[in-house]
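Derivation of every value follows stated rules applied to the coordinates shown; laboratory data play no part. Just so you know, these numbers come straight off a predicted model, no measurement behind them. Glycine gets a Cβ as well: all are built from the backbone with ideal geometry, and neighbour counts include every protein chain shown.
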Amino acid sequence: MYTQTVMEHFMKPHNVGEIEQADGVGEVGNATCGDIMRITLKIKDDKIEDIKFKTFGCAAAIATSSMVTDLAKGKSLEEAGRITNKDVAAALEGLPPIKMHCSNLAATALKAAIRDYRKGQGIDPGENEPEGHDEADCGCEDDHHHEA
């Protein structure tokens, strides 16, 4: 059911925890399955210097959280903000269709943390800032994601 990469990120997830005095915090959940993801960021020179996550959820939710932190760490906020659920799923070498919403939650939590950082800095995220949930990319049938 799951790829070896998914299982590795589930069994030994990377970047687990929470950054004290984080520069940005993003928390999202899925009311249907009960998954909750929280991502915290430390930003330096407009780059993600450190990123941690705490996730309550299934193996796919934990693996996607781990992978999105790996993908975002060291990237500029602009680069990290372009990470999509498809990028996360591809980096994990695929997810079962029924679990694609987990990759969307991970990307959404990252985007929410970036928005939180920008708001805290007095920076208007602007109209072009991704809001996270993209029904066309999600694989879900309804708009069940929300910021917690």
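Considering only Cα-Cα distances, which of the following residue pairs are longer than 20 Å: 47/111; 12/42; 54/119; 47/99? It would help to have the intermediate numbers written out before the result.
Working: 47/111 14 Å; 12/42 22 Å; 54/119 22 Å; 47/99 30 Å.
In this structure, 12/42; 54/119; 47/99 exceed 20 Å between Cα atoms.
At a 10 angstrom cut-off on C-beta neighbours, averaged per residue, how do the peptides 62-69, 115-122, 84-91 rank from highest to lowest?
Values: 62-69: 28.1, 115-122: 15.5, 84-91: 19.5.
Per-residue Cβ counts within 10 Å, averaged per peptide and sorted highest first, yield 62-69, 84-91, 115-122.
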Quiz prompt | Using distinct alpha-carbon pairs, which all enter the 1/r mean, Kirkwood radius of the range 42-122 in Å | solution = 12.7
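Hey, can you rank 99-108, 3-12 by average C-beta count inside 10 Å, highest first?
Values: 99-108: 28.1, 3-12: 15.5.
Packing proxy ranking, top to bottom: 99-108, 3-12.
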Quiz item: Can you work out ³J(HN,Hα) from phi for every residue in the range 67-73, in order, using Karplus 6.51 cos²θ - 1.76 cosθ + 1.60 and θ = phi - 60°, giving whole Hz and x for Gly and Pro?
Solution: 5, 5, 5, 4, 5, 8, 4
